[in-house]
1. What is the extension gain from ALA121 to ILE2, computed as 0.36 nm multiplied by their sequence separation minus the C-alpha to C-alpha distance, in nm to one decimal?
2. Quick one: TYR65, TYR104, fewest Cβ neighbours within 10 Å first, how do they rank?
3. What's the exposure ranking of ILE87, ILE31, ILE3, going from fewest to most Cβ atoms within 10 Å?
4. Evaluate the range 6-130: find the radius of gyration of its Cα atoms, find its Kirkwood radius, and give the ratio Rg to Rh.
5. Which order results if VAL12, VAL42 are arranged by neighbouring Cβ count within 10 Å, fewest first?
6. Relative contact order, percent, of the range 2-99 when contacts are C-alpha pairs under 8 Å separated by at least 6 residues?
7. In whole Hz and in residue order, list the ³J(HN,Hα) couplings for the range 60-76 that follow from phi through the Karplus curve 6.51 cos²θ - 1.76 cosθ + 1.60, θ = phi - 60°; x for Gly and Pro.
Amino acid sequence: MIILSKLADYGVIVATRLAAHPERQETAAAIASATRLPPATVAKLLKAMAHAGLVSATRGAAGGYRLARPPQSISVAQVVAAIDGDIGMTQCSIHEADCERTTYCPTRPHWAAINRAVGAALSAISLNEMITPFAFAPAASATAQPAAEPRV
């Protein structure tokens, strides 16, 4: 099983929250409350995303955070990379020196292609798409009846 780190997952949640209202500036506490994530975690994520240039911060009584760019120009891959660093499926694909098998591993060259494919998939999805309901739902056939909208 391949799973994003919990922090990267939470980072996407926080970024998606900001993407839902790009014109609004929100405090870390308000974002934590809205996303039901721990305030300290949200503060850590916002700091990392600000360092990566994905969010901008304003200090002071009227301060807060907002996306630094429009949500359609920020990809899920950028958010994940801001939190976890380079996207890689194996340790050796990012930190070659950490693997003692680098010189003779028969699978190592193939992980680079897999990393590129995963990175491209995450890069293809913007925060704007993450806030769009049913963005990834399969298209209904022309003869199928539309499904009832879920209750919110």
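Laboratory data are not the source of any read-out in this text; all were calculated from the coordinates shown. Just so we're clear, the structure is a prediction, and the values are computed from it rather than from any experiment. Backbone-built Cβ (ideal geometry, glycine too); neighbour counts: all protein chains shown.
1. Contour length minus Cα-Cα distance gives 41.4 nm.
2. With the fewest neighbours first, TYR65, TYR104 line up as TYR104, TYR65.
3. Fewest to most other Cβ atoms nearby, the residues stand as ILE3, ILE87, ILE31.
4. Ratio of gyration radius to Kirkwood radius: 1.08.
5. Sorted ascending by nearby Cβ count, the order is VAL12, VAL42.
6. 31 percent
7. Couplings: x, 4, 9, x, x, 10, 8, 5, 7, 9, x, x, 6, 9, 10, 9, 4 Hz.
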